[in-house]
Amino acid sequence: MARARSPLGLVPVAAAALACDPDGAAPPPWHASARALLEQVEADEFRRWPSEVIEGHASHGAFSAVFVNAVFDAARTDPRPRVHWPTGSVLVCEGRDQADGEARTLQIMRREAGSAGGGWIWAQYDGDGEPLDYGTATTCLHCHAAGDDYVRSVSFAGE
């Protein structure tokens, strides 16, 4: 005859499982994609891309150092009218407390054909490069909707 188990017998097992992950949860499904995107822009040496430091009170920090890849840079200097930034455009934003300070956050926008979120993939990381958000339907859209195809930096938007 099988012996009935008490639900309390599961508590030590659950506690042991939680001890392996201090947050009590596995990484979200987009975590690996966010890490891969960060690895790609770092491999592309984004800090060597054309850039500008912008002062403002954005959620990224008191200052935003914005770096743009060659695809975006060529489009922003092209005098022909456009509706959207071209597929393959990448912007990286370091949120800083001081203009020449260390990054406290990092944000990446990558323009992709046919994606939701205005055509952009969005990612945000803390100062240690840990992914905080990734995807198309992120909190970024609310503020960036006021930009030129979601790009908020006036000088980079050619305005």
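On the basis of being at pLDDT 90 or above and either more than 15 Å from the chain's Cα centre (by Cα) or over 13 Å from V151 (Cα atoms) (or both), does E112 make the cut? So E112 does not fit the description; no.
Somewhere in region 63-82, is a residue polar (S, T, N, Q), part of a loop (DSSP other than H, G, I, E, B), modelled with pLDDT of 85 or more and more than 16 Å from the chain's Cα centre (by Cα)? It would help to see each step written out before you state the result.
So the first thing to find is which residues in region 63-82 are polar (S, T, N, Q), and the list is 64, 69, 77.
Still in the running and part of a loop (DSSP other than H, G, I, E, B): 69.
If we keep only those that are modelled with pLDDT of 85 or more too, we end up with 69.
The next check asks that each one be more than 16 Å from the chain's Cα centre (by Cα); those that pass are none.
No; the residues of region 63-82 include none that is polar (S, T, N, Q), part of a loop (DSSP other than H, G, I, E, B), modelled with pLDDT of 85 or more and more than 16 Å from the chain's Cα centre (by Cα).
Listed conditions (1) among the β-branched types (V, I, T); (2) at pLDDT 85 or above; (3) not in a strand (DSSP E or B) are all met by T138, apart from (2).
Yes/no per residue for (1) in a loop (DSSP other than H, G, I, E, B); (2) surrounded by 13 or more Cβ atoms within 10 Å (Cβ to Cβ); (3) in contact with a helix residue (DSSP H, G or I) (Cβ under 8 Å, 6 or more places away or on another chain); (4) at pLDDT 90 or above:
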site	(1), (2), (3), (4)
L10	no, no, no, no
L18	no, no, no, no
D23	yes, no, no, no
A26	yes, no, no, no
A32	no, no, no, yes
R35	no, yes, no, yes
L38	no, yes, no, yes
I54	no, yes, no, no
H57	no, no, no, no
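Is at least one residue of region 64-71 of a type in the set (A, V, I, L, M), within 18 Å of Y134 (Cβ to Cβ) and free of Cβ contacts under 8 Å to residues at least 24 places away in the same chain? The answer is no, given that none of the residues of region 64-71 is of a type in the set (A, V, I, L, M), within 18 Å of Y134 (Cβ to Cβ) and free of Cβ contacts under 8 Å to residues at least 24 places away in the same chain.
Within region 89-96, can one find any residue that is modelled with pLDDT under 90, surrounded by 17 or more Cβ atoms within 10 Å (Cβ to Cβ) and assigned to a strand (DSSP E or B)? First the steps, then the outcome.
So the first thing to find is which residues in region 89-96 are modelled with pLDDT under 90, and the list is none.
The answer is no; no qualifying residue exists.
The values are calculated or read from the model by the stated rules, or taken from the named source; none is laboratory data. Keep in mind that what you see is a predicted model, and the values were worked out from it rather than measured. Cβ: placed from backbone, ideal geometry, glycine included. Neighbour counts: every protein chain shown.
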